[in-house]
Structures are given as C-alpha cells and as structure tokens.
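Since the structure comes first, as structure tokens, the remarks are kept for the end.
The values are calculated or read from the model by the stated rules, or taken from the named source; none is laboratory data. Owing to the predicted nature of the structure, the values given are computational and were not obtained by experimental measurement. Note that we place each Cβ from the backbone using ideal geometry, even for glycine, and neighbour counts take in every protein chain shown.
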Amino acid sequence: MKKIWIVIFLLVTQYCGFSQVFPEDRLGWKVGVQTYTFKEFSFYEALSKADSCGVRYLECFRNMQIGGGLEGKMDFNMDEAKKIQIKKWLTDRKMRLTGYGVVNLKSEEAWRKLFEFGKYMGIETFTAEPEEQFLPFLSNLCDEFEINLAIHNHAYPSHYWYPPVILQAINHELSDRIGACADLGHWVRSGLNPVACLQLLGDKVKWVHMKDISVYGEEGHSVVWGKGVINLPQVIETLKRVGFSGQLSAEYEYNWFHNTIDVKQSISFFRSLL
C-alpha cells in the first residue's frame, strides 16, 4: 500500500509541475505559434524560435522557405522526402505541426491534395478563407480526413471580416468540423470589438490567432500582449464560457527580424493570466 501512495504522490506532483508550465492544458487548450510570425526566416529557423518561446504546437505559413538544407517552400505539394525530414525535425524537438494556413485554393483537386498532406503530417486544423462555393465539398473532406477547417477573418473589406458572414456561411448542413478562426488583430483593425465577436461566434470558434494591437483601426500593429487595446482577461473568460477547446496561435506581425522576445513575453503573460 505504501508503494501505491508513493506512485500516486509522484504522479500528482509531476502533473502539478507540468500544469504550471503549461496551464492551458487544464482547459484543453493548445498554445502555439503561427510561423508567419517568423516569415523573414526559414521554417527550420522558426522551429528554434518557437521552441525558445516555450510552445509545442505550430501552425505553418505555406509560403515560407523550408531551410535546413532543403530547397523549396512549406507548400503542401512538397515531395515525400521533404515531408519525412520535416516530421523528423518536429519529433526531435518534441513539437507538432497542428495547423496550416491561411489557405484559399481554387479547385476541388487542390483542396483534396491539401487534406491528404494534412493527414500525413498530423495536422488537426486548416485555417482558410475558402470561396463559399467550396464549403459543401470541404465539409465532406473534413469528415473524410477527420481534420477541422476554421474560416479566418482578414480585415475589412475581405469577405469574412464580419462575424455574421462567417455564421451565415457555416450553416446547419455543414460538418461540425467547420468553424471559425478568430483573428483578434484583424477585428481590431476593422474597428470591431474582439470580445463581442467571440461572443457572437460562440462554440463555432475552433482556432484563435492571438494578438494584441497598439490602437484600433488600420494603423494598429502588434505589441506585446497586455500592452495594447485588446482586453485579454475578457478574451480568456469568453473563450471559457463558449467552451473553446482548440489552439491559440501567437501571430506577431511587427518587429519582424527581432520579435522572438516579444512573442516569448506575450506567451508568458498569457499563461500568467490563466
């Protein structure tokens, strides 16, 4: 009996220490980085930068160079050898490629190839701005490949800038795997309140592009979280209330060549709020 209690004690203390490092785990959330943050570098270099920020999950930007001795970009059309090497890099760092985007493809053939790539790489969610005509087809792909698709909002006047447009597009006939990617920064640039937008989308939010922005309007740029106009404590509480269970990808679109420390500080601040 004494040995059993020792094992239980070790397991509990190990979990408590782990949860302090990654408090988001208790909520069923993932905290990661959208590699567009490091677009001036290669994917191989971005791995080290993201690792230094204390994250385990990546959302990949399609147009960045692979790097690490491999030619080409992080495009879903890459050959088998490159996919194998990239998976090895991720495994070696104990990281996962859970997201990919933001994509907008023009044919059913291209969309299917994207999903095949996602299944091979272990991707959980694509962030995308698809033309609405493709949504029924994408609904079937989501169920077939068991991968989510989160509709992303770029700023006004992009098609999905306003949350009601997304809600109208995600009708009851589509798979539950189709939802919204809430880009907080683009809402601020469009003059919208991120908390109100999250409340409106509710449980349709499957992915979040986490940001804080200097000011409302088009001139706003990324700042270290907690120093801008977005009320992050309210964002967190709203996500809890709507039952969010997806990934929050840090996307820092400023100070491009020296923003790693900003991302690290932002994620540390976010975890302190949790």
Check: Of the residues 230, 236, which single one is over 16 Å from residue 34 (Cβ atoms) and not in a helix (DSSP H, G or I)?
Finding: 230
Note to self: Within the stretch 45-145, considering only helices (runs of 4 or more DSSP H) that don't extend past its boundaries, which have at least 2 residues that are closer than 28 Å to residue 172 by Cβ?
What the structure shows: 108-121, 135-145
Check: Scanning for something of a type outside the set (Asp, Glu) and loosely packed, with under 14 Cβ neighbours inside 10 Å, does the stretch 95-102 turn up at least one residue?
Finding: no
Note to self: When you scan the stretch 108-128, do you find a residue that is touching a His at 6+ places or on another chain (Cβ under 9 Å), closer than 29 Å to residue 56 by Cβ and at pLDDT 95 or above, even just one?
What the structure shows: yes
Item checked: One residue from 175, 268 being hydroxyl-bearing (Ser, Thr, Tyr), modelled with pLDDT of 95 or more, in a loop (DSSP other than H, G, I, E, B) and surrounded by fewer than 22 Cβ atoms within 10 Å (Cβ to Cβ) -> 175
Note to self: Among the residues that make up the stretch 152-163, is at least one of them over 21 Å from residue 193 (Cα atoms) and buried (at least 22 other Cβ atoms within 10 Å of the Cβ)?
What the structure shows: no
Notebook entry, point to check: Are any of the residues in the stretch 61-81 surrounded by fewer than 13 Cβ atoms within 10 Å (Cβ to Cβ), more than 17 Å from the chain's Cα centre (by Cα), touching a residue at least 12 places away in the same chain (Cβ under 8 Å) and more than 30 Å from residue 262 (Cα to Cα)?
Noted result: yes
Check: Exactly one of (1) out of contact with any helix residue (DSSP H, G or I) (no Cβ under 8 Å at 6 or more places or on another chain); (2) hydrophobic (A, V, I, L, M, F, W, C); (3) over 24 Å from residue 125 (Cα atoms) is unmet by residue 181. Its number?
Finding: (3)
Notebook entry, point to check: When residues of the stretch 135-158 are filtered for being under 20 Å from the mean Cα position of the chain (by Cα) and within 21 Å of residue 211 (Cα to Cα), how many remain?
Noted result: 8
Check: Can you pull out the residues in the stretch 243-253 that are surrounded by 15 or more Cβ atoms within 10 Å (Cβ to Cβ) and part of a loop (DSSP other than H, G, I, E, B)?
Finding: 244, 246, 251, 252, 253
Note to self: Looking only at the stretch 202-220, how many residues end up being surrounded by 22 or more Cβ atoms within 10 Å (Cβ to Cβ) and either assigned to a strand (DSSP E or B) or of a type in the set (A, V, I, L, M) (or both)?
What the structure shows: 7
Note to self: Please verify whether residue 162 is within 25 Å of residue 227 (Cβ to Cβ) and more than 15 Å from the chain's Cα centre (by Cα), treating the condition exactly as stated.
What the structure shows: no
Check: Which condition number in (1) in a helix (DSSP H, G or I); (2) surrounded by fewer than 23 Cβ atoms within 10 Å (Cβ to Cβ) is the one that residue 198 fails?
Finding: (2)
Next item on the list: Please find, within the stretch 215-266, the residue that is farthest from the chain's Cα centre (by Cα) out of those that are under 25 Å from residue 178 (Cβ atoms) and among the aliphatic types (A, V, I, L, M).
Entry: 242
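Yes/no per residue for (1) in contact with a Lys or Arg (Cβ under 9 Å, 6 or more places away or on another chain); (2) closer than 22 Å to residue 246 by Cβ:
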{"residue": "32", "(1), (2)": "yes, yes"}
{"residue": "52", "(1), (2)": "yes, no"}
{"residue": "70", "(1), (2)": "yes, no"}
{"residue": "86", "(1), (2)": "no, no"}
